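Trainee: I'd like to ask some things about the structure below.
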Amino acid sequence: MTILLTGFEPFDGSSVNPSWEAVKLVQGVRAVRLPCVFGEALDRLRAAVSEHDPSVVVCVGQAGGRPDVAVERVAVNLDDARIPDNAGRQPIDEPVIRGGPAAYFATLPVKACVAAARAASVPASVSQSAGAFVCNHLFYGLMHLIATERPRVRGGFVHLPFTPEQALGRGVPSMPSATAATALTAIVTAAVSVGDDLRLVGGSLH
């Protein structure tokens, strides 16, 4: 079974991206670094899926300010960039896929993935929003690819906190890359081994 993990290059003036720093530490997977650019990230993802023919795809991104590993549940068909991407693109209120459905659910066992990360002693939670920047853009594009062309693939998206070096002096939460990689390993294991998802509390009030 082939597992594909993707992480992003740094963006918004940072010298690192926690997603790639963690992804490249995970053993036994195909790891691909993607550009933080609307459109191009999806093109590179599609090429990687075509090349590696994976059974599971987990895309990973940075969510600075979040305190834990966040397993995303919903991808929405919306690009609404607060800042420009690495190519200077800043789409506002545009669809990721014109004519696509409003949203897709991840096909990972989301709550089992969260439980697996916690069992590995890494704080984790279900997230209901992947934002509207390149992370959600990639997440939605992945799920559209799965829905329209690769129905046997399981896929989803995970957000990671800042690395400690990124958080230095900001007063925000952080997580070492090795710890994040432990969580990703547990999440991949759950994605491969769990059929029906667990019925656990994972909702939020806002």
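Trainee: Go through 187-195, 154-162, 90-98 and give me the packing order, highest mean Cβ count within 10 Å leading.
Mentor: Details: 187-195: 18.1, 154-162: 26.1, 90-98: 13.9.
Ranked by mean Cβ neighbours within 10 Å, highest first: 154-162, 187-195, 90-98.
Trainee: For segment 103-113, in order, what is each residue's ³J(HN,Hα) by Karplus, 6.51 cos²θ - 1.76 cosθ + 1.60 with θ = phi - 60°, in whole Hz (x at glycine and Pro)?
Mentor: 7, 10, 8, 4, 9, 6, x, 4, 6, 5, 5
Trainee: Compute the signed sum of charges (Lys and Arg +1, Asp and Glu -1) over the other residues within less than 13 Å, Cβ to Cβ, of A130.
Mentor: Values: positive: R66, R73; negative: E72, D79, D80.
Spelling it out: positives minus negatives among the neighbours equals -1.
Trainee: Output wanted: per-residue J couplings in Hz (rounded whole) for segment 6-21, from phi through Karplus 6.51 cos²θ - 1.76 cosθ + 1.60, θ = phi - 60°, x for Gly and Pro.
Mentor: 10, x, 9, 5, x, 8, 6, x, 7, 9, 9, 10, x, 5, 6, 4
Trainee: Would you mind checking which residues have amide H under 5 Å from E9's amide H? H placed 1.01 Å from N; only 5 or more apart, or other chain.
Mentor: L34, C36
Trainee: Follow-up question, since we're still on this one. Give me the number: length gained by fully extending L205 to L25, i.e. 0.36 nm times residue separation minus the C-alpha to C-alpha distance, one decimal in nm. Spell out each step's value before the answer.
Mentor: Details: separation 180, 0.36 × 180 = 64.80 nm, distance 3.42 nm.
Gain on extension, L205 to L25, equals 61.4 nm.
Trainee: Counting only other residues whose beta carbon sits under 12 Å from that of V71, what net charge do I get with K and R as +1, D and E as -1? Can you show the working numbers first?
Mentor: Numbers: positive: R66, R73, K111, R118; negative: D68, E72, D197.
Neighbour charge sum, excluding V71 itself: +1.
Trainee: Right, next: For the chain, what relative contact order do you get, as a whole percent, if you take Cα pairs closer than 8 Å and at least 6 residues apart? Can you show the working numbers first?
Mentor: Numbers: 450 pairs, mean separation 59.5, N = 206.
Normalised by residue count, the contact order of the chain is 29 percent.
Trainee: Among 100-106, 6-12, how do they line up by average Cβ neighbours within 10 Å per residue, starting with the highest? Walk me through the numbers on the way to the answer.
Mentor: On the way: 100-106: 15.7, 6-12: 19.9.
Top to bottom by mean Cβ count within 10 Å: 6-12, 100-106.
Trainee: Still on this structure, I have one more. Could you work out how far apart the two model spin labels at S121 and R98 are, taking each label as a point 7 Å from the Cα in the direction of the beta carbon, and quote it in nm?
Mentor: 5.2 nm
Trainee: For segment 102-178, what is the relative contact order in percent, using Cα pairs closer than 8 Å and at least 6 residues apart in sequence? Display every interim value, and only then the final one.
Mentor: Working: 53 pairs, mean separation 20.8, N = 77.
27 percent.
Trainee: Moving on to the next point. Determine ³J(HN,Hα), in whole Hz, for all residues of segment 179-184 in sequence, where each value follows from phi through the Karplus function 6.51 cos²θ - 1.76 cosθ + 1.60 and θ = phi - 60°; x replaces Gly and Pro.
Mentor: 5, 4, 5, 4, 5, 5
Trainee: Over segment 53-95, with the other protein chains present, what is the accessible area per residue in square angstrom, probe 1.4 angstrom? It would help to have the intermediate numbers written out before the result.
Mentor: Working: 1800 Å² over 43 residues.
It amounts to 42 Å² per residue over segment 53-95.
Trainee: Follow-up. Would you mind counting up the charge near P109? Only other residues with Cβ under 12 Å from its Cβ, with Lys and Arg at +1 and Asp and Glu at -1.
Mentor: +2
Trainee: Taking 8 Å as the Cα distance limit and 6 or more residues as the minimum spacing, I'd like the relative contact order of segment 6-100 as a percentage.
Mentor: Numbers: 104 pairs, mean separation 27.9, N = 95.
Worked out over segment 6-100, it gives 29 percent.
Trainee: Show log10 I(q)/I(0) for the chain at q = 0.09, 0.16 Å⁻¹, two decimals, from a solvent-free Debye sum over equal Cα scatterers.
Mentor: -0.29, -1.01
Trainee: Still on this structure: Whose amide H sits under 5 Å from the amide H of S127, counting only residues 5 or more places off or on another chain, with H placed in the peptide plane?
Mentor: The answer is V71, E72, R73.
The values are calculated or read from the model by the stated rules, or taken from the named source; none is laboratory data. Quick caveat: nothing in here was measured; it's all calculated off a predicted structure. With ideal geometry, Cβ positions are generated from the backbone for all residues, glycine too; neighbour counts draw on all protein chains shown. Calculation scope for accessible area: heavy atoms of the full protein, side chains included, ligands and nucleic acids excluded. Shrake-Rupley method; radii C 1.70, N 1.55, O 1.52, S 1.80 Å.
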